[in-house]
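A short write-up of the structure that comes next.
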Amino acid sequence: MGVDWRIGSVSVGDGELEYRAGGSGSPLFLLQGIDDGFEILPYHEKLAAHFSLLVPSLPGFGRAPLPQWMDSSEDLVYLMLDAIARLDLGPVHLLGAGFGGWIAAEMAIRGQDNIDRLVLVDAFGIKISEPWVRDIADLFVMNYDELLRATRHDPAKANGVKAPGAPGLSQEELVEALRRRQTAHMLGWNPFMHNPKLKRRLARVKIPTLVVWGESDRVVSLEYGRIYHESIPGSRFKIISRAGHYPYLEQPEEFARAVTEFLKER
């Protein structure tokens, strides 16, 4: 029997935050990456079999416009913290992937009262090398084939990626994909997709944390993931083999199993 999905919204800031929700159990708040669309995918179904999954459509990344006052990733961080508080779900599990992982990490260093456990998946957000060394590949200058080679263990498996140039995108999907990239570019451009102070501040994270990384990620390397893990006291590190930047798309069963086991562990 499939999961019964619904569309909801919550008033936050000066607007409405739309979200998809499905499943039952303890609440799991999922912040997706730049090229993750609004559709329900197999890994959503697998997680919703164990949790009450809530996936917001971030302002500027989906159907909701970007508020005029929002001009930094920090604005989005506080908006998401406010959204969790307004939803009044009690402490939630927080999972963030890619750009969403960066936002989730920033949320965790600012306010952990409403967060039970944290999962970061191939997350952006930190700087591990010298200033002149690029740690995060520039997805914005890649064509679609280059994007697949950078993000996939097997570039032939392109399911779930809603990036410009992907075959079969509708006009609406293309507009939303361009809007997501425009918003991410504006919020995370300078410095590029990271906060120079975040790595040091990760020591403030006191909640149980799982860092998940695709073994073949060429956007943020496995070494980048290891340093993320080592910067969070007591965190665990899970490598997903035969997966790149989107382990939840290439290996949805292994990904969902690792996340579920961690979140249910007591």
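Some notes on this structure:
- Qualifying GluC sites (Glu not before Pro) in the stretch 97-183, where qualification requires a DSSP coil assignment and no more than 11 other C-beta atoms within 10 Å, are lacking entirely.
- Ordering of 26-34, 4-12 by packing [mean C-beta count within 10 Å, highest first]: 26-34, 4-12
- Looking at the chain, the DSSP beta bridges with both ends there are about 35 percent antiparallel.
- Relative contact order [Cα under 8 Å, 6+ residues apart], the chain, whole percent: 20 percent
- Listed values [x] 6, 25, 31, 23, 11, 3, 0, 0; [y] 7, 33, 41, 18, 1, 0; [z] 7, 30, 36, 22, 5, 0 include one computed from this model; for P(r) over Cα pairs in 10 Å bins from 0, in percent that value carries the label [y].
- Sites matching chymotrypsin sites (Phe, Trp or Tyr not before Pro) across the stretch 126-171 that sit in DSSP coil, with at most 12 neighbouring C-beta atoms within 10 Å: TRP132
- The GluC sites (Glu not before Pro) of the stretch 1-53 that meet both conditions, a loop assignment by DSSP and at most 10 other Cβ atoms within 10 Å of the site Cβ, are GLU39.
- Think of it as helices only: each DSSP H run of n ≥ 4 in the chain is worth -39500 (n - 2.57), and spread over all residues that comes to -10000 deg cm²/dmol at 222 nm.
- Cα gyration tensor shape of the stretch 192-266, rounded if a/c is under 1.5, else prolate or oblate by comparing a/b with b/c: oblate
- Applying a threshold of 27 Å to the alpha-carbon distances of LYS199/LYS238; LYS206/LYS238; LYS127/LYS157; LYS238/LYS264; LYS46/LYS199 flags LYS127/LYS157; LYS46/LYS199 as lying beyond it.
Values quoted throughout were computed directly from the atomic coordinates according to the rules given, and no laboratory measurement underlies them. Just so you know, these numbers come straight off a predicted model, no measurement behind them. Neighbour counts run over all protein chains shown; Cβ positions are idealised from the backbone, glycine included.
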